[in-house]
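Heads up, the thing below is written out as structure tokens.
Any read-out appearing in this document is the output of simple, stated calculations on the displayed coordinates, not a laboratory observation. Here the structure is a predicted model, which is why all the values come from computation and not from measurement. Glycine also receives a Cβ, built like all others from the backbone with ideal geometry; neighbour counts cover every protein chain displayed.
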Amino acid sequence: MSKVHVFDHPLIQHKLSIMRKTETGPKEFRELLEEISMLMVYEVTRDLPTEEVEIETPICRTKVKMLAGKKLGIVPILRAGLGMVDGISNMIPACRIGHIGLYRDPETLEPVEYYCKLPHDAQDRELLVLDPMLATGGSASDAITLIKKRGCTHIRLVNLIAAPEGIARVQKDHPDVDIYVAGLDDHLNDHGYIVPGLGDAGDRLFGTK
Ligand code: PRP
Ligand code: URA
């Protein structure tokens, strides 16, 4: 069974609370999502392997630690996952970025795929799948399935807010994928929205409603 990591850091919780407020506009919403993503990636990458390398400082030769192991990739789920890209890629400048286009059909709540472009060496990378909202879990689960079909095996899911239903779906479909969330909410309403949640993340991010 995959692990669920819920971040209780006061800075993350404070910023998330501002994002939830109805009166928070797109500019502030975008800035906060970028900041929270930057803070989250610190913990998401905590167990990455390092290796000792020898370098020369202006004073002497010394052994230091540097990242080792698989290179990283990030895969935002369009649209709302785009809001997490800058915060994370600022911290991991060498990461490659893939994109998966999925939208949730408002009637059936089933995800509909419209785009997929991954780095050519995605199967050799540790991939972070990004989406602010994990509601039914259908979009995240389908995105991970698509990525696995391309031969990728090292995948982590990073969400801002998750519903228990979404967590259960991803854990059932992808027990090998750990999930990292800033907020674990209560339930889904009849329209598949997370309660209390923050509404439609894509619309709030891009000001489309
Ligand atoms: C939202 C969100 C997730 C999905 C979550 O995207 O960003 O991708 O819904 O719902 P699920 O867990 O029930 O699948 P949406 O379909 O609104 O598309 P958008 O990002 O283009 O607005
Ligand atoms: N997608 C969103 O953007 N918000 C929700 O609450 C559920 C799905």
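Results, tabulated for the structure shown:
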| read-out | value |
| --- | --- |
| CD proxy at 222 nm, helix term only [per DSSP H run n ≥ 4: -39500 (n - 2.57); per residue of the chain; nearest 500] | -9500 deg cm²/dmol |
| Cα lying deepest toward the dipole's positive end in the chain, options Gly101, Met1, Gly69, charges on Cβ | Gly69 |
| Nearest-20 debye value, the chain charge dipole, Cβ charges on Lys, Arg, Asp, Glu | 440 debye |
| Vicinal HN-Hα couplings computed from phi for segment 12-21 (Karplus, 6.51 cos²θ - 1.76 cosθ + 1.60; Hz; Gly/Pro x) | 5, 5, 4, 5, 5, 4, 5, 4, 5, 4 |
| log10 of Debye I(q)/I(0), alpha-carbon scatterers only, for the chain at 0.11 Å⁻¹ | -0.51 |
| Computed FRET value (nearest 0.05) for Asn90 with Val64, which takes r as the C-beta separation and R₀ as 22 Å | 0.50 |
| Candidates Glu113, Glu56, Glu126, ranked by Gaussian network fluctuation over the chain, Cα under 10 Å, top entry | Glu56 |
| J(HN,Hα) series, segment 135-142, from Karplus relation 6.51 cos²θ - 1.76 cosθ + 1.60, nearest Hz, glycine and proline x | 9, 6, x, x, 5, 5, 5, 5 |
| Among beta bridges that DSSP assigns inside the chain, antiparallel share in %, nearest 5 | 35 percent |
| Amide H within-cut-off set for His154, under 5 Å, with H built and near neighbours excluded | Leu127 |
| Among Gly192, Ile155, Ala135 the positive-end extreme of the charge dipole of the chain (Cβ point charges) | Ile155 |
| Neighbourhood charge, 14 Å Cβ-Cβ cut-off, centred on Leu127 and excluding it, Lys, Arg +1 and Asp, Glu -1 | +3 |
